[in-house]
Amino acid sequence: NNINPSFILDLTATPRNNSNIISYIDAMQLKNQNMVKLPVIVANQQSQEDVIMAALKMRLQLEEYAKQEEISGGEYIRPIVLFQAEPKSLNDTTTFEIVKKTLLDLDIPEDQIKIKTANINELKGIDLMSRECEVRYIITVNALKEGWDCPFAYVLATLANKSSVVDVTQILGRVLRMPHVKRHRVDYLNLSYVFTSSNRFKETLSAVVAGLNKAGFSHRDFRAMQDLATENIAN
């Protein structure tokens, strides 16, 4: 604004309602170009502890699938869980320190865990795509809500009570990018996964669906975890 521009061009997945949209790329075009992991599989858990355990189990299964993929001639993939913790407050909320302690208590090696918040950036200088990288768990609050993504991020485990469509869409976008921009032989590696125990889960779930649709996804790109029980995807 200070230089009196003729126009300002934004590139965003979450345009404001009054935006003058001059070009629109829907998510199915991205899917057809193997740029995103779809469908998004969503599961509600009974507690925050269950969310963490379900995410760990899912990641372990995905890592086994990734090893099978590479053995059969596919690319190297190291699935990562993105934990979204609650902000610090006077209430008994799950903060990033508690999430990290929980993982350490479960014998997760510390070099596999990194924290990225507004004040802490343990990801700086790390190439998450490198075979030498050990990172399998990233803990954040809001710092990764936009402007960051990693193709190896497969699982979003949210411990926050978010219900804003924009918030949900932005954090979900962090696990949608497809590794190596190609479909993989093991179909589980073509999907992304979300676990939550929000006490507003129905509202959050609706927000997720609305967020997907707002970003150009269709209803066929969303399925609840229980709907996939017959497909042997972990719950």
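The values are calculated or read from the model by the stated rules, or taken from the named source; none is laboratory data. Because the structure is predicted, anything quoted here is derived from the model rather than measured. Backbone-built Cβ (ideal geometry, glycine too); neighbour counts: all protein chains shown. Side chains included, ligands, DNA and RNA excluded: accessible areas come from the protein's heavy atoms. Shrake-Rupley method; radii C 1.70, N 1.55, O 1.52, S 1.80 Å.
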*Is there any pair linking a residue in segment 20-32 that is within 20 Å of L9 (Cβ to Cβ) to one that is surrounded by 10 or more Cβ atoms within 10 Å (Cβ to Cβ) and of a type in the set (A, V, I, L, M, F, W, C), with Cβ under 6 Å and at least six apart or on different chains, and which?*
L30/V36
_I'm trying to understand the selection: among the residues of segment 156-195, which are among the small types (G, A, S) and assigned to a loop (DSSP other than H, G, I, E, B)?_
A160, S163, S164
*Filter segment 17-58 down to the residues that are in contact with a helix residue (DSSP H, G or I) (Cβ under 9 Å, 6 or more places away or on another chain) and part of a loop (DSSP other than H, G, I, E, B), then identify the one that is surrounded by the most Cβ atoms within 10 Å (Cβ to Cβ).*
K37
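For (1) in a loop (DSSP other than H, G, I, E, B); (2) open to solvent by 40 Å² or more (accessible area, probe 1.4 Å); (3) over 22 Å from L176 (Cβ atoms); (4) free of Cβ contacts under 8 Å to residues at least 12 places away in the same chain, each residue gets a yes or a no:
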residue	(1), (2), (3), (4)
A66	no, no, no, no
K100	no, no, yes, no
L128	yes, no, no, no
E132	yes, yes, yes, yes
*asked:* Give me the residue from segment 102-126 that is in a loop (DSSP other than H, G, I, E, B) and of a type in the set (V, I, T) and, out of that set, nearest to F83 (Cα to Cα).
replied: T117
